[in-house]
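This report refers to the structure that appears directly beneath it.
The values are calculated or read from the model by the stated rules, or taken from the named source; none is laboratory data. Given the structure is predicted, the values throughout are model-derived calculations rather than measurements. Cβ coordinates were reconstructed from backbone atoms using ideal geometry, including for glycine residues, and neighbour counts include every protein chain displayed. For the accessible areas, the whole protein counts, side chains as well, though only heavy atoms, and no ligand, DNA or RNA atoms are used. Shrake-Rupley method; radii C 1.70, N 1.55, O 1.52, S 1.80 Å.
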Amino acid sequence: MTSHSHRISRRRLFGTGAAAGAGALAVRGAAAGAAPRTRRRRTADVVVIGGGFAGLSAAWAVVKAGRSVLVLEAQDHVGGRARNLEIAGGEISERGATFAGPTQNEILALAKEMGVETFPTFATGENLYYADGERTRYSDTGPLGTAPPDPLIVADLAQVIPRLDDMATKVPVDAPWTAESALEWDGQTFETWIRENSTSPRFRRIVPVATRPIFGAEPRELSLLFVLFYIAASGDEQHPGTFERNFNTRDGAQMFRFRGGSQKIAIELARRLGSRVLLRKPVRRIDQGAGGVTVHCDRLTVTARRAIVTAPPAMAARIEYVPPVRIERDQLTQSLRQGNLTKVTAVYDRPFWRDDGLNGTAVSLNGPVNVAYDDSPEDGSPGVLFGFVGGDEARGFYGRPAAERRDAALGSFANYFGPKAREATQYFESTWPGNRWHRGGPVGIAGPGTLVAHGHALKEPVGSIHWAGTETSSYWAGYMDGAVRSGKRAAAEVLGAL
């Protein structure tokens with residue numbers, strides 16, 4: 001479907017920036033220091049704001065339907081929060097989204113369509129649990145999966161997780177705010193519910209170990225209804241979501257990786273879309289009129305019949321809308337802020353932890369890195385570990401000098417895998433809250449009251465503007481799969497309206 005005139009060079013797609021990518025968003029006012037130039041004008045049936053998985057998937061569906069489309073991406077690369085990281089020897093790791101797993105059917109299907117293969121995440125050997133200086137090795141093939149078999153938390157684990165999974169079955173994934181107990185569940189934090197339904201102080205300490213990498217947030221920041229929706233969304237139309245599927249590697253969301261890195265899928269999709277994808281085009285304003293929309297970039301104006309905005313709600317709010325969007329949509333974007341998460345990556349000559357029978361997965365009560373994974377290339381050379389620093393751990397992390405942050409992160413790895421972990425040949429940080437076009441990650445989070453009051457506005461079109469992005473997905477919100485699903489859903493809405 002793509003002619004040679006619709007191609008983008010590898011250089012343009014990868015870009016040259018080091019920070020993780022996001023959709024094309026707005027900051028009011030012209031770019032600082034930009035010299036006046038002639039404003040170009042383009043037209044299309046559909047204009048898509050954002051070149052991540054949601055935007056590219058939406059554009060691809062529009063093209064397949066025979067309609068014209070333009071994708072406006074603020075940064076110099078595509079892929080959104082999926083950004084490849086070149087490490088020693090020309091191998092690829094990821095700064096952001098990495099894994100896929102069972103029931104994430106849309107991202108796996110898209111990868112197959114784009115010719116990107118998967119391979120299993122390394123899971124041979126034992127997991128490691130670190131708690132206040134004590135290391136415990138265990139197998140994730142047991143009944144607790146990735147959860148550590150700590151005798152101080154097992155009783156609460158055995159009754160709390162099944163209860164959460166059961167409550168989640170009562171949350172409609174398309175409209176969680178309509179659940180029978182929505183008012184009760186959205187009126188409290190996840191932390192409040194955990195305190196009332198657990199007995200072990202150690203268990204209450206391990207709950208943030210899960211919420212920090214999954215949400216980039218502490219339990220006190222999360223609505224219970226939002227957490228239950230997230231659990232319900234961790235499945236598909238045939239398989240109910242479970243908490244375990246979020247956190248597990250084996251049969252969970254961390255089960256597969258992509259050869260060439262997850263961004264390779266977006267790069268190939270953008271290559272096929274060709275000149276329809278425009279990089280370095282941050283959107284400043286969207287005007288609506290009887291005939292459709294007019295989208296304004298610094299030196300480009302696009303007129304289209306419909307627009308799809310794929311940015312996270314908090315970032316979509318930075319676009320100026322004329323006339324203003326409805327109050328409930330505006331208030332939603334003020335409430336659904338981005339999570340607080342940094343990803344740290346350490347590269348070694350070889351994955352030495354495997355020699356000790358460890359698979360590289362660690363869960364720790366102590367930070368700054370609470371969760372770690374083996375991210376080595378498929379052939380095991382070089383060795384790569386990555387970990388997440390989120391929530392309160394991240395807030396304390398940012399203010400430290402770079403050398404101290406490196407020492408602290410490698411110190412966490414050393415606690416888990418031994419002193420060799422301090423001998424990294426390369427070290428990288430991907431600080432999502434510091435990125436101009438993201439301001440956080442991995443997902444927009446809802447505190448108490450947000451979903452009941454404003455959730456309906458999350459994906460309701462406003463005139464000729466439609467909303468996509470992983471936060472708007474009914475399944476796998478917060479993941480690549482959710483982004484792809486949302487793009488296809490928004491494209492179907494638009495095509496039905498043209």
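Things to note:
- Test: Glu460 is touching a residue at least 40 places away in the same chain (Cβ under 8 Å), under 23 Å from Gly478 (Cα atoms), part of a loop (DSSP other than H, G, I, E, B) and among the acidic types (Asp, Glu): yes
- Of all the criteria given as (1) at pLDDT below 95; (2) under 22 Å from Ile265 (Cβ atoms), the one not satisfied by Arg40 is (2).
- Count of residues meeting criterion [closer than 20 Å to Gly96 by Cβ and part of a strand (DSSP E or B)] in region 381-398: 7
- In region 468-484, the qualifying residues are those that are more than 10 Å from the chain's Cα centre (by Cα) and part of a helix (DSSP H, G or I), and the one that is surrounded by the most Cβ atoms within 10 Å (Cβ to Cβ) is Val484.
- Enumerated helices (runs of 4 or more DSSP H) restricted to region 251-356, each holding at least 3 residues that are within 30 Å of Thr425 (Cβ to Cβ) and aliphatic (A, V, I, L, M): 263-273
- Scanning region 242-262 for residues that are aliphatic (A, V, I, L, M) and open to solvent by 30 Å² or more (accessible area, probe 1.4 Å) yields a single hit, Met255.
- For region 192-219, residues that are part of a loop (DSSP other than H, G, I, E, B), of a type in the set (Ser, Thr, Tyr) and open to solvent by less than 30 Å² (accessible area, probe 1.4 Å) total 2.
- Residues satisfying the stated conditions in region 291-329, i.e. modelled with pLDDT of 95 or more and acidic (Asp, Glu): Glu320
- Test: residue in region 222-231 that is farther than 16 Å from Leu451 by Cβ and either out of contact with any strand residue (DSSP E or B) (no Cβ under 8 Å at 6 or more places or on another chain) or open to solvent by 50 Å² or more (accessible area, probe 1.4 Å) (or both): no
- Looking across region 293-325, the residues that are touching a Ser or Thr at 6+ places or on another chain (Cβ under 8 Å) and open to solvent by 10 Å² or more (accessible area, probe 1.4 Å) come down to Thr294, Arg299, Thr303, Arg305, Arg306, Thr310, Ala314, Ala317.
- Any hit, region 84-94, residues being farther than 25 Å from Phe215 by Cα and of a type in the set (D, E, K, R): yes
- Taken over region 131-160, residues that are outside any helix (DSSP H, G or I) and over 21 Å from Asn246 (Cβ atoms) amount to 9.
- Any hit, region 38-58, residues being of a type in the set (Asp, Glu), closer than 24 Å to Gly261 by Cβ and either without any contact (Cβ under 8 Å) to a residue 40 or more places away in the chain or in contact with a strand residue (DSSP E or B) (Cβ under 9 Å, 6 or more places away or on another chain) (or both): no
- So Ala490, is it buried (at least 24 other Cβ atoms within 10 Å of the Cβ), of a type in the set (Gly, Ala, Ser) and over 14 Å from the mean Cα position of the chain (by Cα): yes
- Identity of the residue in region 399-423, over 18 Å from Gly383 (Cβ atoms) and assigned to a helix (DSSP H, G or I), that ends up least open to solvent (accessible area, probe 1.4 Å): Ala408
- Matching entry among Glu91, Glu117 (being over 22 Å from Val494 (Cα atoms), open to solvent by 50 Å² or more (accessible area, probe 1.4 Å), acidic (Asp, Glu) and modelled with pLDDT of 95 or more): Glu117
- Asn366, sole failed condition from (1) at pLDDT below 95; (2) in a loop (DSSP other than H, G, I, E, B): (1)
- Yes/no for Glu184 being at pLDDT 95 or above, open to solvent by 50 Å² or more (accessible area, probe 1.4 Å), acidic (Asp, Glu) and more than 23 Å from Lys459 (Cα to Cα): yes
- Cβ-Cβ under 7 Å pairs, at least 6 apart or on other chains, region 234-259 side farther than 23 Å from Asp375 by Cβ, far side in a loop (DSSP other than H, G, I, E, B) and open to solvent by 70 Å² or more (accessible area, probe 1.4 Å): Pro240/Thr169
- Subset of region 161-174 [among the charged types (D, E, K, R) and not in a loop (DSSP other than H, G, I, E, B)]: Arg163, Asp165, Asp166
- You will find that of Gly367, Gly387, the residue that is within 12 Å of Ser412 (Cα to Cα) and open to solvent by 10 Å² or more (accessible area, probe 1.4 Å) is Gly367 and no other.
- All positions within region 402-429 that are more than 18 Å from Asp132 (Cα to Cα) and either among the charged types (D, E, K, R) or in contact with an Asp or Glu (Cβ under 9 Å, 6 or more places away or on another chain) (or both): Ala402, Glu404, Arg405, Arg406, Asp407, Lys420, Arg422, Glu423, Thr425, Glu429
- Members of region 232-241 found to be surrounded by 23 or more Cβ atoms within 10 Å (Cβ to Cβ), assigned to a loop (DSSP other than H, G, I, E, B) and more than 16 Å from the chain's Cα centre (by Cα), listed by number: Gly241
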